[in-house]
Amino acid sequence: MTMARLARGDIIVKGPDGYCIDPTTLKNTSAGGFAAIASCNIMSGGQDGPIVEPALMTVTVSPAPGAAPSPEELAEALGTQLLQSRELSALAAGQMATGGETAFVGSDPNHWRGAFVIGPHLIGVTLYAPKDSPLLGTQGAAFLNTVSSTIRANSLRDTPESAEQSQSTVDPLAARLGRLFASSDL
């Protein structure tokens, strides 16, 4: 699969060239959803797609109770250290020190996370990569930015109400994180 519609079709998820959506992980609900993106070549057993850098990216969509959490808030919620953060065109991404090792066999503990709001939806993106991968460095932040930019370009546009909602700072951290960290989505 090269594209998936989540949250009643409001959010359209696509991977960069050479990366596909794993249909076995796809969850679509009226309020959100979940998709995992990985190498088309690896998922097809070498039958489809070019050889690209191995990686696993997850996209989680849930209702947005306020502004998207910052990389610092994501690290705090995960109980890990924020190694670095990057302000990019489509999101603020943070490299987390731990937690990535459980994504797949051989994945590095360091991984990238970010979140952004589109309309009434909070979108969380995470990138896991193998040990010694170039995606563990700033290339990983750029990869997340590419996917996030594609989601923004193809999905429901912000409404004035949601733009105001995304500026809200009165929601507590736990409410703003919503379901981004549901164990079934990691």
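Worth pointing out:
- Value of Rg/Rh across the range 1-101 [Cα atoms, Kirkwood radius]: 1.00
- Where the range 30-92 is the region considered: accessible area per residue in Å², 1.4 Å probe: 44 Å²
- Packing-based ranking of 13-21, 79-87 yields 13-21, 79-87, ordered from highest to lowest mean Cβ neighbour count within 10 Å.
- Taking a sphere under 12 Å around the Cβ of Ala129 and counting the other residues whose Cβ falls inside, with K and R at +1 and D and E at -1, yields a net charge of -3.
- Of the solvent-accessible surface of the range 1-128, computed with a 1.4 Å probe and all protein chains present, 52% belongs to carbon and sulfur.
The values are calculated or read from the model by the stated rules, or taken from the named source; none is laboratory data. Everything numeric here is computed off the predicted structure, so don't read it as measured data. Note that we place each Cβ from the backbone using ideal geometry, even for glycine, and neighbour counts take in every protein chain shown. These accessible areas exclude ligands, DNA and RNA; they are computed on the full protein's heavy atoms, side chains included. Shrake-Rupley method; radii C 1.70, N 1.55, O 1.52, S 1.80 Å.
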